[in-house]
């Protein structure tokens, strides 16, 4: 009797695990999660993850976020990456990015979040940020220590913005021109 209960519990747990969403299970190793996700994705969802858009085209604003039909047509299968809109204030960027992320996580079939990115090749490319000479200008100074201090400052600022405000996943920073 006790063995039957244990076996029944084991089968129930096994069936829940196999029918669950393995790609969301943080206990699984990443290759297993990726394999599970790729098996579940349609061709449209895979292509959508390869797409990138600039948040100024289409303009991500309150009107777009309120239009569920348009949101579905633009992001219904997901999207891989959204570039920054340089006309937004920090507060607008935060609000719009959170709304897009919420839509993708809760309204799309698989709930895959987007990767937001920003540029920081001579300071965070955003309103009200410190700006430094570009990499070619810094190279002309021949001051390696100054260049190191500038990019440490930029990295710290980007980290703080990403962590506390922007929910940015990736920053591009070009250090040398070839």
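The values are calculated or read from the model by the stated rules, or taken from the named source; none is laboratory data. Quantities reported herein were computed from a predicted structural model and do not represent experimental measurements. Please note: Cβ atoms are built from the backbone with ideal geometry, for glycine as well, and neighbour counts cover all protein chains shown.
When both residues are 6+ apart or on different chains and their Cβ atoms are under 8 Å apart, which pairs have a first residue that lies in segment 145-162 and is assigned by TED's automatic domain parsing to the domain that holds residue 132, and a second that is at pLDDT 80 or above and exposed (fewer than 13 other Cβ atoms within 10 Å of the Cβ)?
Every condition considered, the pairs that remain are 147/141.
Give segment 66-88 a look and list any residue that's over 18 Å from residue 111 (Cβ atoms) and surrounded by fewer than 18 Cβ atoms within 10 Å (Cβ to Cβ), or say none.
66, 67, 69, 70, 73, 83, 86, 87
Take residues that are touching a helix residue (DSSP H, G or I) at 6+ places or on another chain (Cβ under 9 Å) and modelled with pLDDT of 90 or more and tell me which of the helices (runs of 4 or more DSSP H) falling wholly in segment 12-105 contain 3 or more.
30-40, 62-66, 68-75
Looking at segment 106-147 only, could you name the residues that are assigned to a loop (DSSP other than H, G, I, E, B) and modelled with pLDDT of 80 or more?
Passing the criteria: 108, 109, 110, 111, 112, 113, 114, 142, 143.
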